[in-house]
Amino acid sequence: MIKKVFEKPLSWLERILFIDFIRGLSVTIRHAFSKTITTHYPYEKLTPPKRFRGFFGHKVVDGTEPQPAFDEWVERFKIEVEPGRSRCVVCLLCKRACPVPQLFEIEGEKLPNGKRRVSVFNMNMLLCTFCGFCVDACPVDCLFQSDIHETASYSRKDSVLTLEVLERIGRDWQRRREKEPDRIWIDDAQRMRLWYENDLKLPEVKKQ
Ligand code: SF4
Ligand code: SF4
């Protein structure tokens, strides 16, 4: 059934005094002098929250690996642990969890001492939906999503994140943001700038 919606006709007083026009103009004027809630991108850039799902990285071995999971997976797959290099244990769980697994190219190599390490880890960002399933699947907190979001490139080749690039993003992230508390906003000043403080005031919880 089609519901017909008719405009409410203006009264003769509204027609003579331009009431609707004045109402509309008052909204415009009110907002013209209120606090700006947008930023002047790209001249003004906000740092995304820590949980932002941007470009990927590989966290490197630095002594902060999740234990005992890391040691167990290293033992199971006989991985050569190298400080400063990717934590990847070549388990392929990220690729298995991905709805577009062909975007991954992962290979391991055998070392003379019989142990293994990741040798190829390519991620084609042109196919990625940034769903984060791969990150959730990683058992050793190696693969993660960083705050890098300016990802335009001039060639398709540059959209493929290689192991070297992933490790570089990981090192940069661990230096800059790893120790930050896991919260949505970096600080309240930034949040208040975007959302008015009063808009966010939650009703007080009455103590029993
Ligand atoms: S974010 Fe989603 S689509 Fe992208 S690589 Fe991870 S699992 Fe695949
Ligand atoms: S799930 Fe993590 S450890 Fe396993 S292959 Fe992917 S990045 Fe490497």
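The values are calculated or read from the model by the stated rules, or taken from the named source; none is laboratory data. All figures in this text were calculated on a predicted structure; none of them were measured in a lab. Every residue, glycine as well, gets a Cβ built from its backbone with ideal geometry; the counts of neighbours run over all protein chains shown. Please note that ligands, DNA and RNA were not included when accessible areas were found on the heavy atoms of the full protein model with its side chains. Shrake-Rupley method; radii C 1.70, N 1.55, O 1.52, S 1.80 Å.
Restricting attention to the range 154-172, the residues that are within 13 Å of ligand 1 (Cβ to nearest atom) and either in contact with a helix residue (DSSP H, G or I) (Cβ under 6 Å, 6 or more places away or on another chain) or without any contact (Cβ under 8 Å) to a residue 40 or more places away in the chain (or both) total 2. So, of the residues in the range 130-153 that are near ligand 1 (Cβ under 7 Å from one of its atoms) and not small (Gly, Ala, Ser), which turns out to be surrounded by the most Cβ atoms within 10 Å (Cβ to Cβ)? Among those residues, the one meeting the criterion is Cys134.
Residues of the range 107-133 that are within 15 Å of ligand 2 (Cβ to nearest atom) and among the hydroxyl-bearing types (Ser, Thr, Tyr): Ser119 alone. Taken together, the residues in the range 92-129 that are closer than 16 Å to Leu166 by Cβ, within 10 Å of ligand 1 (Cβ to nearest atom) and not hydrophobic (A, V, I, L, M, F, W, C) amount to 2. Consider Gln174 carefully, then state whether it is of a type outside the set (Val, Ile, Thr), under 16 Å from the mean Cα position of the chain (by Cα), open to solvent by less than 90 Å² (accessible area, probe 1.4 Å) and within 14 Å of ligand 2 (Cβ to nearest atom). In short, no. Mind checking whether some residue in the range 96-114 is acidic (Asp, Glu) and either more than 30 Å from Leu127 (Cα to Cα) or in contact (Cβ under 8 Å) with a residue 60 or more places away in the chain (or both)? So far as the range 96-114 goes, no, none of its residues is acidic (Asp, Glu) and either more than 30 Å from Leu127 (Cα to Cα) or in contact (Cβ under 8 Å) with a residue 60 or more places away in the chain (or both).
Contact annotation: no residue pair with Cβ atoms under 9 Å, 6 or more positions apart or on different chains, pairs a residue in the range 75-91 that is over 18 Å from Val135 (Cα atoms) with a partner that is within 16 Å of ligand 1 (Cβ to nearest atom) and open to solvent by 60 Å² or more (accessible area, probe 1.4 Å). Restricting Gln174, Gln190, Gln208 to residues that are at pLDDT below 95 and part of a helix (DSSP H, G or I) narrows the list to Gln190.
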